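Structure, as structure tokens:
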Amino acid sequence: MPVNPEPEPAPPLSKGLDGDEEMIAQYWDETEDVLAKEIVSDWPAFLELVRRTETGSSGRGIPAIELSDDKDATCIFIRFEEGGCTVATGDSKGLAWPVEFNNGGCEYVHYDYFGSWSEVPADLVIPREKALAAVKSFLETGDIPPSVLLLVRE
């Protein structure tokens, strides 16, 4: 009986910083009330951006940070005032979200996505450390392997 070979892993969404691609971060700058855009050169630069955008004083929640390469690959780091985070990755085929759910409730948590009030099911909230590990992987390699965070397309 023939044995089916293991499926080929999907190629990374992006080459990441290790592939010499620039990553652009976009987020809503609440102090200027504009969509801000800046180059993220390395992991410490991303963490500094997270620190600078930590408060959500607009009433819409904490601003999401979207990383993108010069193609169409993105990774969105979302933080919630209630605690926890989530990560979404996407390309022209749509978004993928974490499959590790915390609860089965129907509650929603909100955040600021480019100046608009947005929400996701509270089931998508994951620990901050896990979300940061996923973003770091995307930033450095252009991919989030299942060993870091298992994602499923919506």
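The values are calculated or read from the model by the stated rules, or taken from the named source; none is laboratory data. Keep in mind the model is a prediction, meaning the values are calculated, not measured. Counting neighbours? That spans all protein chains shown, and the Cβs are built from the backbone with ideal geometry, glycine included. Surface accessibility is based on the protein's heavy atoms, side chains included, excluding ligands, DNA and RNA. Shrake-Rupley method; radii C 1.70, N 1.55, O 1.52, S 1.80 Å.
Miscellaneous remarks
- Taken along the Cα-to-beta-carbon direction at a fixed 7 Å, the label points for SER118 and ASP70 span 2.5 nm.
- Residue-count net charge about THR74 - beta-carbon cut-off 9 Å; Lys, Arg +1, Asp, Glu -1: -4
- When the Cα convex hull of segment 63-154 is projected onto planes of every orientation, the mean area is 5.9 nm².
- Listed values for segment 82-87 are Karplus-derived 3J(HN,Hα) couplings in whole Hz (6.51 cos²θ - 1.76 cosθ + 1.60, θ = phi - 60°), namely 6, x, x, 8, 8, 9, and x replaces Gly and Pro.
- Relative contact order (%) - segment 29-101, alpha-carbon pairs under 8 angstrom, separation at least six: 17 percent
- The heavy atoms of THR31 offer some 120 square angstrom of accessible surface to a 1.4 angstrom probe.
- Remark: segment 89-94, residue by residue, has Karplus-estimated 3J(HN,Hα) of 10, x, 8, 5, 8, x Hz, where x stands for each Gly or Pro and the curve is 6.51 cos²θ - 1.76 cosθ + 1.60 at θ = phi - 60°.
- Distant-in-sequence amide H partners of ILE62 (H built 1.01 Å from N, under 5 Å): GLU81, ASP112
- Pairs of Cα atoms nearer than 8 Å and 6+ residues apart set the relative contact order; for segment 72-154 it is 31 percent.
- Two-site label geometry, LYS37 and SER147: point separation in nm, points 7 Å out along Cα→Cβ: 3.6 nm
- With the largest listed first and rounded to whole Å, the semi-axes of the equivalent ellipsoid of segment 44-93 from the Cα gyration tensor are 21, 13, 9.
- Residues GLU54 and GLU22, FRET efficiency given R0 of 25 Å [Cβ-Cβ distance, rounded to 0.05]: 0.55
- Whole-Hz couplings from phi, Karplus 6.51/-1.76/1.60, listed for segment 118-134; x for Gly and Pro: 10, 9, 9, x, 4, 4, 7, 6, 10, x, 3, 4, 5, 5, 5, 4, 5
- Within the full protein context, the accessible area of TYR111 is estimated at about 20 Å² for a probe radius of 1.4 Å.
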